[in-house]
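Novice: I am attaching a structure below and will ask some questions about it afterwards.
Here, each number is a calculation from the coordinates, and none is a lab measurement. Keep in mind the model is a prediction, meaning the values are calculated, not measured. We place every Cβ from the backbone using ideal geometry, glycine too, and count neighbours over all the protein chains shown.
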C-alpha cells in the first residue's frame, strides 16, 4: 500500500505499532492516536514518519475527536480498555462508545479493521480448531471483563458498518508475538521462566493456540482491508500452525537452556486453536515458522539468553523461502 491516509489506534502496542511503522515506511500518511503514556514512544513514532495525535478512549464526549482529520482512507482499531479492574459495565461502555465515535468520524474510509479476540469463544476441547461460526460466551477466568467487552464492541461494529455503509473487517486475533513491544504471550512465559515462577498448565493435555508473528501481521493487514465489506467480514486472525503452549515453553527451554516450572492447575491462561481456512483464503499463507519466530523474538529481546548455536543463525527460515 502506498499513498494512503491511514489511522491507527493502539499504535504503541504489540500488534499495531509494527503495522504503523511499516505502512509509514512504505510511503503512506500514517496517524497514530492514543494517550502515549509511555515516555518517549510518541517521539519514536514521529522519528519513523508517523504523525501522533492525543486521544483518550475514556473520554466519551463529542469533543474527543475534534480536530482529527476525517479523510482517512483506512483505519485499524486495535486500542482497547481491557477491564483489568473487573468493571464489566465500564469496559463495555468505554469500548463501544469510543469505537462508535471512531467509526462515525471515519465513515468515508475505504475500509475499517477492528481487532477483536479469540478469547470470546465458548470453550470446547483443548485442541478444538475454532471456526468463525463457533459459539461465543465471553468467559475468561484470567481476565473476565476483557472478552465481554470485545463481544459488545463487535456488536457495535457490526451495527455501524451497516448504518454507515462502512466496509469493515472484524479480525479475532490469536496470540500475536514478535520482537516489538514486550514480545507477546510467549515472552510473558519466558519472563516467568527467568524468575522461576510457576506456569499453570491443564491437568491433562495442553492448551493449544495459533500464534502469528508480527511479520505476518504486517503483511496481512492490507489483505484484511481488501476483505472489508458491508455487512462486516468476520475472520479468525492467527497463524497457520497449531501449537501447544507446553510445546512453546519446551522450545523456549531448548533455545535458552532456562528451565520452566510447569504446574498442573484448574485455572490457566486459556488459548485457542484456529481453523485457518478462511483467513488463508483472504490473506494467503503465513511465512514465519513458529520455531524460527520464537528464536527471532528472543534474539531481539533477550539476545544474551540464546544458546550460541541458535544465536549464530544467519537466516530467517520461512516456510518455502529464505531471506
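Novice: For 35, 81, which order do you get if you count the other beta carbons within 10 Å of each Cβ and list the fewest first? Show your work: numbers first, answer last.
Specialist: Numbers: 35 14, 81 20.
Fewest-to-most ranking of 35, 81: 35, 81.
Novice: Here is a further query. Can you report the principal axis dimensions of the stretch 138-214 using only the alpha carbons, biggest first, rounded to whole angstrom?
Specialist: Principal extents (largest minus smallest coordinate, Cα): 52, 29, 20 Å.
Novice: Pairing the Cα long axis of helix 145-164 with the longest principal axis of the chain, what angle in degrees results, from 0 to 90 and rounded to the nearest 10?
Specialist: The angle comes out at about 40 degrees.
Novice: Given the peptides 269-275, 211-217, arrange them by the average over their residues of other C-beta atoms within 10 Å, most packed first. Spell out each step's value before the answer.
Specialist: On the way: 269-275: 22.0, 211-217: 25.3.
Descending packing order for the listed peptides: 211-217, 269-275.
Novice: Between helix 214-226 and the chain, what is the angle of the helix's C-alpha long axis to the longest principal axis, kept within 0 to 90° and rounded to the nearest 10?
Specialist: 30 degrees
Novice: With Kirkwood's inverse mean 1/r over C-alpha pairs for Rh, give me the Rg to Rh ratio of the stretch 84-235, two decimals please. Please report the intermediate quantities before stating the final value.
Specialist: Working: Rg = 16.9 Å, Rh = 17.1 Å.
The Rg/Rh ratio comes out at 0.99.
Novice: Restricting things to Cα coordinates, could you compute the convex hull volume per residue of the stretch 199-323 in Å³? Intermediate results must be reported in sequence, preceding the final value.
Specialist: Working: hull volume 15.9 nm³, N = 125.
Given the Cα convex hull of the stretch 199-323, per-residue volume reads 127 Å³.
Novice: Just need the relative contact order of the stretch 139-219 here, percent rounded to a whole number, with Cα pairs under 8 Å and 6+ apart. Walk me through the numbers before you get to the answer.
Specialist: Working: 43 pairs, mean separation 20.9, N = 81.
26 percent.
Novice: Then there is this: To test your reading of the geometry: what angle, between 0 and 90 degrees and rounded to tens, separates the Cα axis of helix 185-195 from the longest principal axis of the chain?
Specialist: Tilt of helix 185-195: around 50 degrees.
Novice: Something else now. Given that compact globular proteins tend to follow 2.2 N^0.38 Å, what is the ratio of the alpha-carbon Rg of the stretch 15-54 to that value?
Specialist: Here the answer is 1.04, to two decimals.
Novice: Starting from 0 in steps of 10 Å, tell me what percent of the Cα-Cα pairs of the stretch 191-270 lands in each bin.
Specialist: 15, 35, 27, 17, 6, 0
Novice: Fewest Cβ neighbours within 10 Å first, please rank 170, 151 accordingly.
Specialist: Numbers: 170 23, 151 16.
With the sparsest Cβ surroundings first, the list reads 151, 170.
Novice: May I have the convex hull volume per residue, in Å³, for the Cα set of the stretch 78-134? It would help to have the intermediate numbers written out before the result.
Specialist: Working: hull volume 7.0 nm³, N = 57.
Normalising the Cα hull of the stretch 78-134 by residue number yields 123 Å³.
Novice: Given labels modelled 7 Å from the Cα in the Cβ direction, how far is it in nm from residue 262 to residue 143?
Specialist: 2.4 nm
Novice: Would you mind ranking 121, 177, 146, 182 by Cβ crowding within 10 Å, fewest neighbours first?
Specialist: Details: 121 24, 177 29, 146 21, 182 12.
Exposure proxy ranking, most exposed first: 182, 146, 121, 177.
Novice: Give the whole-number value, in cubic angstrom per residue, of the convex hull volume spanned by the C-alpha atoms of the stretch 121-181.
Specialist: Details: hull volume 8.7 nm³, N = 61.
Taking the convex hull of the Cα positions in the stretch 121-181, it is 142 Å³ per residue.
Novice: Modelled label-to-label distance, residue 41 and residue 203, 7 Å Cα→beta-carbon offset: nm?
Specialist: Simple spin-label model gives 3.9 nm for this pair.
Novice: Provide, for q = 0.09 Å⁻¹, the log10 of I(q)/I(0) from a solvent-free Debye sum over equal Cα point scatterers in the stretch 5-135.
Specialist: Normalising to I(0) and taking log10 leaves -0.30.
Novice: If you consider only alpha-carbon coordinates, what radius of gyration and Dmax does the chain have, in Å?
Specialist: So, for the chain, Rg and Dmax equal 19.3, 57 Å respectively.
Novice: If only Cα atoms are counted, what is the Rg of the stretch 1-69, and what is its Dmax, in Å?
Specialist: Spelled out, the Cα radius of gyration and Dmax of the stretch 1-69 are 11.9, 34 Å.
Novice: Calculated from DSSP H runs of 4 or more alone, at -39500 (n - 2.57) each and per residue, what is the 222 nm mean residue ellipticity of the chain, nearest 500? Walk me through the numbers before you get to the answer.
Specialist: On the way: 10 runs with 114 residues, N = 323.
Calculated mean residue ellipticity at 222 nm is -11000 deg cm²/dmol.
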